[in-house]
1. Using beta carbons and a limit of 6 Å, which pairs, at least six apart or on different chains, have the first residue in the stretch 622-641 and farther than 17 Å from Asp414 by Cβ and free of Cβ contacts under 8 Å to residues at least 60 places away in the same chain and the second one open to solvent by 20 Å² or more (accessible area, probe 1.4 Å) and of a type in the set (D, E, K, R)?
2. Which of the residues spanning the stretch 263-287 are open to solvent by 10 Å² or more (accessible area, probe 1.4 Å) and in contact with an Asp or Glu (Cβ under 9 Å, 6 or more places away or on another chain)?
3. Check every one of the strands (runs of 3 or more DSSP E) wholly within the stretch 752-812 and list those with 2 or more residues that are exposed (fewer than 14 other Cβ atoms within 10 Å of the Cβ).
4. Among (1) free of Cβ contacts under 8 Å to residues at least 24 places away in the same chain; (2) in a loop (DSSP other than H, G, I, E, B); (3) of a type outside the set (Val, Ile, Thr); (4) at negative phi, which single condition is Pro111 missing?
5. Restricting attention to the stretch 184-195, does a residue exist that is under 22 Å from Ser353 (Cα atoms), under 34 Å from the mean Cα position of the chain (by Cα) and at pLDDT 95 or above?
6. Which ones in the stretch 647-683 are surrounded by fewer than 18 Cβ atoms within 10 Å (Cβ to Cβ) and touching a strand residue (DSSP E or B) at 6+ places or on another chain (Cβ under 8 Å)?
7. Looking at (1) crowded, with 17+ Cβ neighbours inside 10 Å; (2) more than 32 Å from the chain's Cα centre (by Cα); (3) at pLDDT 90 or above, find the lone condition where Ala70 falls short.
8. When you go through Phe747, Phe771 one by one, which is the residue that is in contact with a Phe, Trp or Tyr (Cβ under 9 Å, 6 or more places away or on another chain) and more than 19 Å from Pro822 (Cα to Cα)?
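The values are calculated or read from the model by the stated rules, or taken from the named source; none is laboratory data. Values in this document were obtained by computation on a predicted structure and should not be read as measured data. Methodologically, a virtual Cβ is constructed for each residue, glycine included, from the backbone with ideal geometry; neighbour enumeration extends over all protein chains shown. With ligands, DNA and RNA removed, areas are computed over all heavy atoms of the protein, side chains included. Shrake-Rupley method; radii C 1.70, N 1.55, O 1.52, S 1.80 Å.
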Amino acid sequence: MKRSGFFVLLVLLTLAVGIAFLASGREGRPPGVEAAGGTPGATGNSGAWVAEVVFREESDPAKAIDMMEAGEIQVYSMGINDPELYRKIQSSRTIQHEISYGSNTELAFNPVGPTFPRTGELNPFHVPAIREAVNWLIDRDYIVEEIYRGLAVPRYLPLTSAFPDYARLADVARQLELHYAYNPEKAKEVISREMMRLGATRVDGRWWFRGKPVRLIFLIRPDDHQRREIGDYVATLLENLGFVVERQYKTATEASPIWVQGDPAEGRWHIYTGAWITLAVDRDQADNFDAYYTPRGRPDPLWQAYRPDPKLARVAERLRNRDYTSPEERKKLMAEALRLSLHDSVRVWLADSINVWPRRREVSIAADLAGGISGSLLWPYTIRSPGRRAVHFASPGMLTEPWNPIAGSNWIYDNIIMRSTQDAATLPDPFTGLYWPQRVKAAEVHVQKGLPVVRTHEWLSLHFVPVIEVPRDAWLDWDASGQRFVTVGERHPKGLRARTRTVVRYEDELLKKSWHDGTRISLADFVFGLILAFDRAKPQSPVFDPSAVPVFETFMRHFRGLRIVEEDPLVVEIYSDQLYPDAELIAASRAADFYTSVPWHELALGFLAERDRQLAFSSSKADQLKVEWMSYIAGPSLEILGQKLTAALAEGFIPYEKTLGRYVDRREAVERYRKLQAWRRARGHFWVGNGPFYLHAVYPVEKIVVVRRFEGFTDPSEKWVRFTEPRIADVEVSGPRMLKRGAPAEFLARVSFRGKPYPAADIERVRYLLFDSRGALIELADARPAGEGTWRIALPGAQTSRLAAGANRLEVVVTPRVVAVPSFKTYWFVTLPDETVRGRAPAAGRRG
């Protein structure tokens, strides 16, 4: 799952509820948990629509569907792509569903080598050429057709095939897909050559190294039957090549300490059946290369072991920083990154799955076209079930990793709960990926003239200016020894320029709102979050974490300064060289750079625990210090954090007091710690947020979590209940099935939704790609409008004369404005050298 913004403030929950009450199917409650109070939201009211949401673990989707039919649960927060279960959902009278396109599966490789330092065993996947060869080894069509049974499409690239960038790069993507198409003989040839270069020998069909068979440890997720089948399929392919494959079937909870938290140099695994979900429609996937292929992607030990080709590292960083000046330059960089990422193949992409998200018919919820229900940032604001005070969710996994606000669990099923307890500066449109204001009143985006940026929404303004000078008093860096911000004037006495200037005007009442523990939000919360983001990457800091350095260095390459213009109402201007094609994304990213959903006094406890080397925010540093990965909701961490709270209260502790002391005094600090102490006594945890729900109870053993309506959340209940069914286009193509080479031809693309023509005003563009029988791209061009819902593709004789005799294909790509998911349709036809063909074939079927 991708995180946005510089200072990632995801907060975790882990209090659960006894398991028996859910098994009964009645709306009872677990021992020790009182009934929810408060009035659920309704028309004209404020806050969440329901009083309580209960989460429980259920790994079997079939059982979850039965439980939903029986009324024991109302929502299943896992996307289902099992055809049999989909048919059951479709035929049900009590269940409805949403569709999403943002999930994918992959193979993740351990790159350490050529031998593991601790075991001496050979790791073939240290070699990029062997990883690259796995692309040819795997038949993705088999995976899609036999394992997913049509509820997926093949994926070769670090781009989601249902998102805008894939449509923009369709010509590059199709050619790479052709190059890396299933070719087991080529895979065998490359792998054999590289294995011999490593010093391995093949004896009686088996690979040996230093007197032992070459063993591959394959972590396979059995809790997802598609991933289990994929794992077994790939394991068999590798065994057929002569490797000994040790298949280790492990759930998310069992696998995470090995492949995410563990040191890859230990040699405990070689391959993992990975899966990712994009929470919101990602209109700009330029940073995927940095996120998935470089140490800057994540602080975890596996990412820190990545050693990409310097060319890939440079291109990935340029794309992450949006270091380009035109759409054409961006496309060139993206194309180069795609090619280099496939050469690297530290992960091999397999399929983009089409997920079905079931819910009881009486439940309403905003689902995202990318992330479905689990990925929806709007679900806490929109969940409704008339007549019910509590809604029951089931998830396939929960509480997989520790929860802390800095570098805690990144698992989607933990995050869906966390998001209900946190508010955000802006929130994405679930259909387009463009951002809307939540805690922002307005924004001004100033961009250097000539850069490729457009604006869609009216809540922000876009201005092009010749030069952007950064004010001398803007904060640019952090002095960890002196505990103070370093200004632009100090670092750049001759001045500094930026490509963008964003003025963010947060809502007028922001600093009058409260955290869940009753303390009032203050400017100190925002400043402390910014300090900590800088300080953790500084070697002089008491909480220095090497795993924070790569992300910080990338940030600093585009960050050009921040200045607080007004304190209340809060107005901040942020200068950056980072660019996005959409002004809404620039404004949302800059607003998130300063905004926080975590109070400073909560973070201060973790700061003290890491400073004293008793706990660590990140798994990487926890491994380094040999201490526990910090959890704010469960386990031994709670006792240590409790001790820090007692000490902080006694002292009136203010972290980074030389700077933060300007925004908070000791009296307020003591008051905050007292309220947090009362919160911990009442709730048993330290998780405090500002979202529509608060974390009420966590039962880690039973894997049950309860969140309840936060009465202090004053937004109108109807604020986000405006998103209806996404209008994904259906495409039909008609035209000749056979034509004479060199003769002109005409094809028609009919674009519709629910049988009605798709308005031309709602379509950004209709493009076509013409491929010959050898897979070469002959033409890439725009289709022309030919009446409402109809687009004409005219191929002159000069184009068809370039087609070789045989089967050719025309691919039509429709990009709507109102949804960000493009629609594709392939139309096959045959060119004949000596015949004249008459007539037209029937129209092709619906969008595939």
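1. Leu625/Arg613; Pro636/Glu628
2. Result: Asp263, Ala275, Trp276, Thr278, Leu279, Ala280, Asp282, Arg283.
3. Strands (runs of 3 or more DSSP E) meeting the threshold: 777-782.
4. (1)
5. Looking for residues that are under 22 Å from Ser353 (Cα atoms), under 34 Å from the mean Cα position of the chain (by Cα) and at pLDDT 95 or above, one finds none in the stretch 184-195, hence no.
6. Answer for the stretch 647-683, where residues must be surrounded by fewer than 18 Cβ atoms within 10 Å (Cβ to Cβ) and touching a strand residue (DSSP E or B) at 6+ places or on another chain (Cβ under 8 Å): just Lys658.
7. (1)
8. Only one candidate passes the filter, namely Phe747.
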